[in-house]
Amino acid sequence: MKYTPRHIKKFLDEGKIDADLWKIHFPGLLPSHVPECSECEDKKNNLCQGGKNPVDCFLGVHAEEVKKEHDGEDDPKSRKEKSRKFFPDAKGKRAKVPAGANITFDQSKM
């Protein structure tokens, strides 16, 4: 995707791109200018392979941080445990019926 200065400003305001890190990588960048990979300090110092869109590069860093935060949370009940209370198990025993469910009406006879 081709990004405009508005995109970059929006990402900076929303926190999807870290403003301090952006300024370190592109110190002399004007707000009306969309940078290229060759303008990045990491590329100039041969710390990066290059060939990427810098905005995508920074959004990828944000996505990795969000994923780490999400992976750190422990889900007390797995999906299978949650679904067991609504569906019968292998022996045919029915678990608790959800509130408001009509258990007297059998649709299989229709």
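The values are calculated or read from the model by the stated rules, or taken from the named source; none is laboratory data. What you see is a predicted model, and the numbers here were worked out from it, not measured in a lab. As a convention, Cβ positions derive from the backbone with ideal geometry for all residues, glycine included, and neighbour counts pool all protein chains shown. Side chains are part of the model used for accessible areas, which takes the heavy atoms of the whole protein and leaves out ligands, DNA and RNA. Shrake-Rupley method; radii C 1.70, N 1.55, O 1.52, S 1.80 Å.
Counting only residues that are aliphatic (A, V, I, L, M) and open to solvent by 60 Å² or more (accessible area, probe 1.4 Å), which one in region 22-58 is modelled with the highest pLDDT?
Only one residue fits best here, namely I24.
So how many residues does region 1-21 have that are more than 20 Å from the chain's Cα centre (by Cα) and not acidic (D, E)?
Here the count works out to 4.
Just give me the residues in region 9-29 being farther than 20 Å from E41 by Cβ and of a type in the set (G, A, S), in sequence order.
Within region 9-29, G15 is the sole residue that qualifies.
Quickly run through region 16-44 and pick out the residues that are closer than 23 Å to K67 by Cα, assigned to a helix (DSSP H, G or I) and among the charged types (D, E, K, R).
D20
I want to confirm something. Restricting to region 1-15 and keeping residues that are surrounded by fewer than 16 Cβ atoms within 10 Å (Cβ to Cβ) and assigned to a loop (DSSP other than H, G, I, E, B), which single residue is modelled with the highest pLDDT?
T4
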